[in-house]
Amino acid sequence: MIPGLSHRRRFRDLSEQEILALAISSEEDDARIYRSYAERLRADFPGSAEVFDGMAAEEDEHRQRLIDLHVARFGAVIPLIRREHVAGFYARRPVWLVENLGIERIRAEATAMEQDAERFYHNAAARCTDAATRKLLGDLAAAEAGHQQSADELESRHLDPDARASEEATANRQFILTWVQPGLAGLMDGSVSTLAPIFATAFATQDTWTTFLVGLAASVGAGISMGFTEAASDDGELSGRGSPVKRGFASGMMTTIGGLGHALPYLITDFWTATVIAIIVVFIELWAIAWIQNKFMETPFFRAAFQVVLGGALVFAAGVLIGSG
């Protein structure tokens, strides 16, 4: 037996009463998830929070219809059976795994939830012989399929163009604060701060393997340092910059990538070939930084390019001079 699965029932072995009980518990869970989404979004996306509140209310109405049918057919005592008790039944992602997701990802999760529920009701209706039960389950399958239309109606009611524009601006700002800003800081640090040690080692030793090892150590070390510094410096609660884990990951990874870009060419054994390629990579990195600043931080491109290229050139020159001396 597979550990953790031996106690699960097969869907085809469930009685009609158990199918109704499973549908009731599933509707209850979905309503709670939608309310959790609404609470998660209420501060920054009040319009979308109202949409999820409305979807939760619809799930409550579905659950009550199922309970009424169960009482009429089997009495008031509803068996305890949930998704995790049925082998192969669709699962829901724990709320704490999606609480830091962006608004569009949360909407996609909700769409997937409705599609899963629609399939369940179609399969459940096929397993039942009672006419009233089959009709209700078929109606709920159609309701789940129509939830996208309901969601659109709720959005049109609660999300006017101004509200949607405001939410999109908030989501974009959150993306920049959580991913772009720490990633850009990491890329700048990795690309610029590692220039001096890498090129100093290169011109001092003219040994490509030694230079690569120094570059690798500098890049990985800087990435770890930047990642932990970013994560530990701000938990995001007051600043609104988002998850410290995400920001630390973005900063650490981009720092490492920025340093490795001009360290990897020194895997080439010919010193001057490796050095020329590394210099070309450095200029590509610096222009990429300027482009990101222009696109996401709204810094004029030529000003960003001048600042980054000038700073990089000074660090590069320092490394070459120190290594040559």
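The values are calculated or read from the model by the stated rules, or taken from the named source; none is laboratory data. What you see is a predicted model, and the numbers here were worked out from it, not measured in a lab. Counting neighbours? That spans all protein chains shown, and the Cβs are built from the backbone with ideal geometry, glycine included.
Residues are listed down the side, and each one gets a yes or a no for (1) over 26 Å from the mean Cα position of the chain (by Cα); (2) among the hydrophobic types (A, V, I, L, M, F, W, C); (3) modelled with pLDDT of 85 or more:
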{"position": "111", "(1), (2), (3)": "no, no, no"}
{"position": "120", "(1), (2), (3)": "yes, yes, yes"}
{"position": "129", "(1), (2), (3)": "yes, no, yes"}
{"position": "133", "(1), (2), (3)": "yes, no, yes"}
{"position": "137", "(1), (2), (3)": "yes, yes, yes"}
{"position": "140", "(1), (2), (3)": "yes, yes, yes"}
{"position": "152", "(1), (2), (3)": "no, no, no"}
{"position": "158", "(1), (2), (3)": "no, no, no"}
Of (1) polar (S, T, N, Q); (2) touching a residue at least 40 places away in the same chain (Cβ under 8 Å); (3) closer than 22 Å to residue 180 by Cβ, residue 299 fails just (2)
Those residues of the stretch 56-75 which are of a type outside the set (A, V, I, L, M) and part of a helix (DSSP H, G or I) amount to 58, 59, 60, 61, 62, 63, 64, 65, 68, 70, 73, 74
If you go through 75, 54, 47, the only one that is in contact with an Asp or Glu (Cβ under 8 Å, 6 or more places away or on another chain) and among the small types (Gly, Ala, Ser) is 47
Selection over the stretch 8-55 where residues are outside any helix (DSSP H, G or I) and closer than 18 Å to residue 83 by Cβ yields a count of 5
Of the residues in the stretch 278-315 that are assigned to a helix (DSSP H, G or I) and not hydrophobic (A, V, I, L, M, F, W, C), the one that is modelled with the highest pLDDT is 285
Reported set for the stretch 73-109 where residues are among the β-branched types (Val, Ile, Thr) and modelled with pLDDT of 70 or more is 77, 78, 81, 86, 106
Looking at this structure, is residue 169 modelled with pLDDT under 80 and either more than 30 Å from residue 263 (Cβ to Cβ) or in contact with a His (Cβ under 6 Å, 6 or more places away or on another chain) (or both)?
yes
